[in-house]
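Where a number appears in this text, it was derived from the coordinates with a stated rule and is not lab data. Quantities reported herein were computed from a predicted structural model and do not represent experimental measurements. Glycine also receives a Cβ, built like all others from the backbone with ideal geometry; neighbour counts cover every protein chain displayed.
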Amino acid sequence: MKAAVVGTGYVGLVTGVVLARLGHQVTCIDKDPEKVAKLAGGIPTIHEEGLGPMLSACIDEGRLTFTTAYDEGCPQADVVFIAVGTPEDSEGKANLTFVRAAAESIGDVISGRTVVVTKSTVPPGTNRKVKQWVADKAPAGTDIAVVSNPEFLRQGSAVYDTFHADRLIIGAEDIRAGDLVEKLFAPLEVPVLRTDLESAELIKYASNTFLAMKISFINEMAQIADRIGADVTKVAKGMGMDRRISPDFLKAGIGYGGSCFPKDTKALTRIAEEAGYEFTYGKATDHVNDQQKNLLVEKALFRFGSLKDMNITLLGLSFKPGTDDMREAPSLSIIESLMEEGANVTVYDPVAAEKAAPLLPETVVTANDLKESLDGSDSVFLVTEWDEFKQMDLSMIASLCSQNILFDERNVFTEEDVKSAGIEYHSVGRRSVYPEEVVKTAAYYDKVQGL
């Protein structure tokens, strides 16, 4: 089949490449000519494992092209996907400006029957608007069908997730259109759920908000564990052994970030409000996540009393490993808080440094490697659990840093790891660990035991 994909961000680019890999003829459309030129040359514009080689292969085999012109892809396509951004507006709602612009641009160039599939995360009722926006620009009498086909990709593993999806959601009133989309993805051999438009739209918001809620819940448990001397990792393991709960998304840390969970949780809260219902879970989930971001800054303040003129190293900038996405990255809030306290901040990220650079204050120093970032540091914050950091020799902290103190915001290391390295260690929802040579005075112990 022939498919057009409007938008070449995380969702659009991965969708286009995967469809081409499945044997379809795909044209990806984006308004940014520089981006289109890079992609046409086989250069990925996002960091996703496995995407680059697949992109190049599909281009070389003639199944994947890129353009800025809608009329080069949409008129001849069996299916046209809309995969543009729906950023949060000032009221917390999904901004549909880009979706509408894409729909109208599609309408400008089509004439025969067209199936328009919305991949973008949109509020219930949007696909009906999309149909009208397309129709308003298309010739009178054009046969237009719309399908809601939300994506459930994790950044950093988006290609894998597409080929190993848990389900394919197809929301459609036009049976033929739904059948066409199901046939398009049939080679993936994943379970299919057919629904109405509104249910498909709501499934995406409900899924993301529920996962965000699990993260906030375990972070609340971490707060309790901190206060009573429990180990939140063992609590999470015990909970996850219950098949009704599962261990997924029960990892305490500094909260969630990225382009989906923060935006979608707020949007679902607004959707509920507009429907006349107060969605208290959504508000609570956001509140917990916001306060969690600066948890270890607060712990550092409690530990040191003041951070003024201290040299602090942040390991990791992207909101999660496997991606260079900086949207809603907790690192940005942490850097802001540290600088407000007068700290000198050095950062290192093996992948996201270039994307992060325009977002960082001018006084932040970006190191070129791990060793450089640790040299002379008074304290280290592990923010993103890249493999390089998970596998690092902790003795580097003891040998390179002026104070051998690690604040692990992702609970990467075990008590045995840090004890053998002889460093002071503070994590989330677990007891702190101190080297044997720490001054063992009652006053010191009283000060640090609450960390």
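Points to keep in mind about this one:
- Viscosity 1.567 mPa s, 4 °C: Kirkwood-radius Stokes-Einstein D of the chain over Cα pairs, µm²/s: 55 µm²/s
- Scattering curve values for segment 293-448, log₁₀ I(q)/I(0), Debye with Cα scatterers, q = 0.11, 0.14, 0.17 Å⁻¹: -0.39, -0.64, -0.96
- Charged neighbours of ALA145, selected by a Cβ distance under 9 Å, balance to 0 (K, R count +1; D, E count -1).
- 21 Å tail of the calculated P(r), segment 343-426, as % of Cα pairs: 25 percent
- Packing rank of 257-266, 36-45, where each peptide gets the mean count of other beta carbons within 10 Å, highest leading: 257-266, 36-45
- Size descriptor for segment 2-195, Kirkwood hydrodynamic radius: 16.6 Å (Cα pairs only, one decimal).
- Cα gyration tensor shape for segment 221-319, rounded if a/c is under 1.5, else prolate or oblate: oblate
- In range of the label at GLN223: residues from segment 395-416 whose backbone nitrogen is under 20 Å from the point 7 Å along Cα→Cβ: 408-411
- Using alpha-carbon coordinates, inclination of helix 97-109 to the longest axis of the chain, degrees: 20 degrees
- Taking packing as the residue-averaged number of other Cβ atoms within 10 angstrom, the listed peptides 333-341, 386-394, 112-120 run from highest to lowest as 112-120, 333-341, 386-394.
- With a threshold of 18 Å on the Cα-Cα distance, the over-threshold entries among LYS31/LYS183; LYS355/LYS390; LYS266/LYS299; LYS299/LYS355; LYS2/LYS183 are LYS31/LYS183; LYS355/LYS390; LYS266/LYS299; LYS299/LYS355.
- Cα gyration tensor shape for segment 295-355, rounded if a/c is under 1.5, else prolate or oblate: prolate
- Separation of alpha-carbon centers, segment 50-116 and segment 120-177, rounded to whole Å: 11 Å
- In degrees, nearest ten, helix 280-292 long axis to first principal axis of the chain (Cα): 50 degrees
- Cα centroid of segment 180-235 to Cα centroid of segment 1-48, whole Å: 27 Å
- Here the simple spin-label model places points 7 Å from the Cα toward Cβ, and for ALA230 and ALA40 these points are separated by 5.9 nm.
- Ratio Rg/Rh, restricted to segment 288-330 and using Cα atoms, in which Rh is the Kirkwood radius: 1.04
- Antiparallel content of DSSP bridges confined to the chain, in %, to 5: 10 percent
- Segment GLN391..THR414, full-extension length gain: 7.0 nm, with 0.36 nm per residue of separation and the alpha-carbon distance subtracted.
- Helical mean residue ellipticity (222 nm; -39500 (n - 2.57) per DSSP H run of 4+; nearest 500) of the chain: -12500 deg cm²/dmol
- Helix axis angle, 197-228 relative to the chain longest principal axis, alpha carbon, degrees: 0 degrees
- Remark: the GLN403-GLU278 segment gains 40.2 nm on full extension, using 0.36 nm per residue and subtracting the alpha carbon distance.
- Taking Lys and Arg as +1 and Asp and Glu as -1, the other residues whose beta-carbon sits under 11 Å from that of PRO124 total -1.
- For a label point 7 Å along the Cα-to-beta-carbon line of GLU198, residues of segment 126-158 with backbone N under 14 Å: 126-129
- Environment charge at CYS401 (Cβ cut-off 12 Å; Lys +1, Arg +1, Asp -1, Glu -1): -2
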